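Peer 1: Sending over a structure as structure tokens; questions will come in a sec.
Please treat every number below as a calculation from the coordinates, not as lab data. Owing to the predicted nature of the structure, the values given are computational and were not obtained by experimental measurement. So basically every Cβ, Gly included, is an ideal-geometry build from the backbone, and we count neighbours across all protein chains shown.
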Amino acid sequence: MKYVTYQKQDHVAEITLNRPEVMNAFNSQMLDELIRAFQMVEQDGGVYSVILSANGEKAFSAGGDIREEIATDGPAARAFGEKGKACVRAIERCRVPVICAVHGFTLGGGMELLLVCDMTVASEDARIGMPTIKLGTIPGWGCTKNLADVVGKYRAKELLLTGRMLSAREAYDLGLVEYVVPRAELLPKARELAETIADMAPIAVKAMKSCIDRGWQMSTEEAYAMETEAFSMCYDTQDKFEAMSAFLEKRPHRPYQYR
């Protein structure tokens, strides 16, 4: 892959945006490669968590490639928007938790990706926003829905209608990111989180993520019923038996078997 790198260490997959010469601006090929990287995660049962980060000093992603977009017409924009939404869905529906590590400019499509990851670590220099209104367009990958879900309808309107960039600390206060750290600690903190999750019983992790994500859209009773099913299912797994045995015996758990 040219614009996205993929590597795996132990049970953690690291997916990295790799178009730093244009501040990791998205084009169609980059989206294809990012979708492919998350397909690789789905196909590898040995991946228990994912880190999504970016190469380059200035940006996680500056958003779309304006040099390409200025010549884009409506039908082409629709196709690009659908591909962007397919990428967002691949991240959002990933069977394992995705930790996003953002630095510098995290704009447009960069913010779109942040919104669908399970947790985000931001460096202190991160600037997060959706400036599409300043370019005569609106977000195309779900931000009008996803941002409102996180910060509320009226705060989403303020941010999207002004195109205002948030500091990392403001983003933390609004619940867009979970950690703010010095730049040098960005990837170490993301790896710490990913490795912590990867050390948990993976069936329980998958069930937990699914219950939170799906329950968010359900009625209380529907969410309760789904949780009860997942809760009882965990008790029939070998991984549960190993985790509880290790706790009682005061020893580290043996490698989980995912069954």
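Peer 1: What are the residues whose amide H is under 5 Å from the amide H of residue 54, where those residues sit 5 or more places off or on another chain and H is modelled from the backbone?
Peer 2: Here the answer is 17, since their amide H atoms fall under 5 Å of that of residue 54.
Peer 1: Note the per residue figure in Å³ for the convex hull of the C-alpha positions in region 103-191.
Peer 2: 78 Å³
Peer 1: Over its Cα atoms, what ratio of radius of gyration to 2.2 N^0.38 Å does the chain give?
Peer 2: This ratio for the chain stands at 1.05.
Peer 1: Next question, about the same structure. Express as a percent, rounded to the nearest 5, the fraction of DSSP beta bridges in the chain (both residues included) that run antiparallel.
Peer 2: Antiparallel bridges make up about 30 percent of those DSSP assigns within the chain.
Peer 1: Scan around residue 14 for amide H atoms under 5 Å from its own, H built in the peptide plane at 1.01 Å from N, and keep only partners 5 or more places away or cross-chain.
Peer 2: Close amide H contacts, sequence-distant or interchain: 7, 8, 9, 51.
Peer 1: Considering only DSSP states other than H, G, I, E and B, which chymotrypsin sites (Phe, Trp or Tyr not before Pro) in region 142-230 qualify as loop sites with at most 15 other Cβ atoms within 10 Å?
Peer 2: 216
Peer 1: Over the chain, what relative contact order in percent results from Cα pairs under 8 Å that are six or more residues apart?
Peer 2: Reported as a whole number, the value is 16 percent.
Peer 1: Output the lone cysteines of the chain: those with no second cysteine's C-beta under 4.7 Å from their C-beta.
Peer 2: Lacking a cysteine Cβ partner under 4.7 Å: 87, 94, 143, 211, 234.
Peer 1: Please sort by residue number the GluC sites (Glu not before Pro) in region 1-69 whose DSSP state is loop and whose Cβ has at most 13 other Cβ atoms within 10 Å.
Peer 2: 57
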